[in-house]
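Some notes on the structure that comes next.
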Amino acid sequence: MKTSSVFIFLLFIYLNTFPQQTVNEFPVLFYNVENLFDLDDNPLTNDDEFTPEGERHWTYKRLNKKLNNLSKVILASSEWNTPAVVALCEVENRKVLELLINKTALKSIPYKIIHKESPDHRGIDVAFIYNEEQFYPLTYDHIPIKNRSDSTLKTREILHVSGIFNGTADTAHFFVNHWPSRYSGLMETRPLRKLAAQTLRSKIDELLQNNRLPKIVIIGDFNDQPNDESIRGELKAMRSDHKIKPDNLYNLSANWAESGMGTLKYQSQWYVFDQIIVSGALLQKNTLGLFTTPNQAEICDLPFLFENDERHGGMKLYRTYNGYQYNGGFSDHLPVILKLGLR
């Protein structure tokens, strides 16, 4: 589309002419990019349909279109302040991440990659991209989801990255999630998401025990909503209108559904699967260093991410495919963003 190309070009000119963002604000973006595959058939994973000969006829032209679309979203997600940190899910490998940051308009930003191949049966992973001029990673690890017999599930690992932003003495802890899907049925897959929640909660408890009031950001596609048992019961993420205690977790996405908002649509219903959860240490009013407020967590409902929903009414997400028919859009999820401030 010509309008898309012009938009990316203008953003590219702007970002090379003016400062990218103020030092007192660090946008953090999460985006389920929906099937960002390369063209190659990996014999170890179920990626056959995303090859030139596969059912979706996934070609270089289509991949390039997808990459440029995603760069447009990232650049526009926080007005003129490009994200300091971008967490992604449904990426196949490091190759597509390298293409994203080096072969699109994002090449004007010094983004670096943290990524590892996961045991997921489709070969899709979570990833972490950071602006090296604004964020310095200290440590990172990938946390597998294991069942009671200590066998690793063939699903995405949880990525934990700790680091510091420029001008801060605080260590920020990020946990990037893509919990098991509902594809095989809600009730059948619910125990898997509870297991993911228990795994994450164990790591949070460990962090709280070994660090004084850690500043934690939990982001991802949880394939459950804020009021579901995995989030409220197992992870113990409560609403932010509760009394803020520094060692509790608060779900800044909890009120989105009540306001009629969502991050993905199934038939006529919107759901909040993509969420932002933080530790109370980031929300306390007297917090020095990194902080945020509940209204700094938002869904990025950029107009170009939608198209008319002829079947169910209203709008729906402008996806790369509708079924197996190529559509040329973006994703079946909306991105979510958190703005961290500095006192």
Notebook entry, point to check: Could you give every pair whose Cβ atoms fall below 6 Å, whose first residue belongs to segment 228-257 and is under 25 Å from SER181 (Cβ atoms), and whose second residue is assigned to a loop (DSSP other than H, G, I, E, B) and of a type in the set (Ser, Thr, Tyr), counting only separations of at least 6 or pairs across chains?
Noted result: LEU252/SER240
Item checked: Which listed residue is assigned to a strand (DSSP E or B) and β-branched (Val, Ile, Thr), from ILE204, ILE219, ILE244, ILE231 -> ILE219
Note to self: THR139 - would you say it is surrounded by fewer than 12 Cβ atoms within 10 Å (Cβ to Cβ) and of a type in the set (S, T, N, Q)?
What the structure shows: yes
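Given the structure, is LYS116 at pLDDT 95 or above, within 21 Å of LEU338 (Cα to Cα) and among the basic types (Lys, Arg)?
Details: at pLDDT 95 or above: yes; within 21 Å of LEU338 (Cα to Cα): no; among the basic types (Lys, Arg): yes.
When the stated conditions are applied, LYS116 does not pass them.
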Next item on the list: Those residues that are open to solvent by 50 Å² or more (accessible area, probe 1.4 Å) and either within 19 Å of ASP205 (Cβ to Cβ) or of a type in the set (Lys, Arg) (or both), I need them from segment 225-237; list them, please.
Entry: GLU229, ARG232, LYS236
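In segment 185-205, is there at least one residue being closer than 28 Å to LYS107 by Cα, without any contact (Cβ under 8 Å) to a residue 40 or more places away in the chain and of a type outside the set (Gly, Ala, Ser)?
First pass over segment 185-205, keeping only residues closer than 28 Å to LYS107 by Cα: none.
Within segment 185-205, none of the residues are closer than 28 Å to LYS107 by Cα, without any contact (Cβ under 8 Å) to a residue 40 or more places away in the chain and of a type outside the set (Gly, Ala, Ser).
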Next item on the list: Considering only segment 287-321, state which residues are polar (S, T, N, Q), in contact with a strand residue (DSSP E or B) (Cβ under 9 Å, 6 or more places away or on another chain) and not in a loop (DSSP other than H, G, I, E, B).
Entry: GLN296, ASN308
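Rundown of residues vs (1) surrounded by 17 or more Cβ atoms within 10 Å (Cβ to Cβ); (2) over 30 Å from ASN327 (Cβ atoms), yes/no style:
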residue	(1), (2)
ALA76	yes, no
VAL85	yes, no
LEU97	yes, no
PHE135	yes, yes
ARG148	no, yes
SER151	no, yes
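Check segment 230-237 and report whether any residue there is more than 19 Å from the chain's Cα centre (by Cα), among the aliphatic types (A, V, I, L, M) and over 16 Å from PHE174 (Cβ atoms).
Checked against the condition, which is being more than 19 Å from the chain's Cα centre (by Cα), among the aliphatic types (A, V, I, L, M) and over 16 Å from PHE174 (Cβ atoms), segment 230-237 yields no hits at all.
The values are calculated or read from the model by the stated rules, or taken from the named source; none is laboratory data. Quick caveat: nothing in here was measured; it's all calculated off a predicted structure. For neighbour counting, all protein chains shown are included, and Cβ atoms are generated from backbone atoms with ideal geometry for every residue, glycine included. Surface accessibility is based on the protein's heavy atoms, side chains included, excluding ligands, DNA and RNA. Shrake-Rupley method; radii C 1.70, N 1.55, O 1.52, S 1.80 Å.
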